[in-house]
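Below: one structure, written as structure tokens.
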Amino acid sequence: DAGFYYENDTFLIDASGVGMVGVDSVLTVIRFDASTADAARAVVATNVTGLTLRDFRVTNGYDGVWFRNVDASNLERVRADSHGYRGFDLDANSGANTLTGNTTSGNGSDGISIGGDGSTLAGNLSSGNAGAGLFVEGNSNLLRHNRSFGNGSDGVYLDGADNFLTQNTIDSNAAWGI
């Protein structure tokens with residue numbers, strides 16, 4: 001639903017098949033009360049599969065959305081900005097996820113971080129983050145039609161095998177393009 005949701009604690013998803021669907025990133029906003037590591041505020045999903053998170057904005061947490069051992073889930077049209085660490089943080093145990101049409105900006109580290117294998121990033125925008133726009137450590141991930149510009153480090157950082165990049169736009173980042 002539309003609305004501004006002011007969270008003073010981590011928002012935990014611990015059941016598979018959950019849908020968290022807003023109206024859009026202007027009308028549905030989750031705003032945390034702290035962006036420090038000690039507070040660890042974020043939308044956190046742990047040990048689940050088949051999530052759908054879409055059409056909302058999350059702001060002012062430590063991470064925007066943090067997947068810990070989450071597989072086969074979708075993040076669509078979510079805006080993650082002004083976090084102390086990363087906009088989207090998918091750990092090494094999270095794989096086969098799809099991120100489509102998301103926006104990250106103004107985060108204290110990377111915009112989108114993918115640690116696991118077999119995920120697809122398509123049509124995402126990552127700009128003005130202190131770290132890399134897209135930070136990929138996993139293997140066999142597909143990055144297509146993403147835009148990464150004006151970030152404080154690499155446009156796309158790759159440290160894995162068999163990742164495939166096609167038709168991405170990477171420009172004006174402080175370090176390497178890729």
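The values are calculated or read from the model by the stated rules, or taken from the named source; none is laboratory data. Everything numeric in this text was worked out from a predicted model, so none of it was measured. Neighbour counts run over all protein chains shown; Cβ positions are idealised from the backbone, glycine included. Side chains included, ligands, DNA and RNA excluded: accessible areas come from the protein's heavy atoms. Shrake-Rupley method; radii C 1.70, N 1.55, O 1.52, S 1.80 Å.
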Item to check | Candidate set: region 56-99, residues that are of a type in the set (Lys, Arg) and outside any loop (DSSP other than H, G, I, E, B); chosen: the one least open to solvent (accessible area, probe 1.4 Å) | outcome: 57
Checklist entry - Could you list, in sequence order, the residues of region 144-173 that are open to solvent by 80 Å² or more (accessible area, probe 1.4 Å) and either under 9 Å from residue 132 (Cβ atoms) or at pLDDT below 95 (or both)? => result 159
Next on the checklist: Can you confirm whether residue 141 is within 20 Å of residue 85 (Cβ to Cβ) and surrounded by 19 or more Cβ atoms within 10 Å (Cβ to Cβ)?
Outcome noted: no
Checklist entry - Take the residues of region 4-53 that are acidic (Asp, Glu) and open to solvent by 60 Å² or more (accessible area, probe 1.4 Å): which is modelled with the highest pLDDT? => result 14
Checklist entry - Is it true that some residue in region 106-119 is more than 17 Å from residue 42 (Cβ to Cβ), out of contact with any strand residue (DSSP E or B) (no Cβ under 7 Å at 6 or more places or on another chain) and open to solvent by 10 Å² or more (accessible area, probe 1.4 Å)? => result yes
Checklist entry - modelled with pLDDT of 95 or more, open to solvent by less than 30 Å² (accessible area, probe 1.4 Å) and among the hydrophobic types (A, V, I, L, M, F, W, C): does that describe residue 132? => result yes
Next on the checklist: What are the pairs with Cβ atoms under 8 angstrom where one residue, in region 49-73, is acidic (Asp, Glu) and the other, located anywhere, is open to solvent by 50 Å² or more (accessible area, probe 1.4 Å)? Sequence gap at least six, or different chains.
Outcome noted: 55/21; 55/23; 55/24; 55/77; 63/85; 71/49; 71/96
Next on the checklist: Pairs please, first residue from region 100-115 and in a strand (DSSP E or B), second anywhere and among the basic types (Lys, Arg) and open to solvent by 10 Å² or more (accessible area, probe 1.4 Å), Cβ atoms under 7 Å, 6+ apart in sequence or on different chains.
Outcome noted: 103/79; 113/86
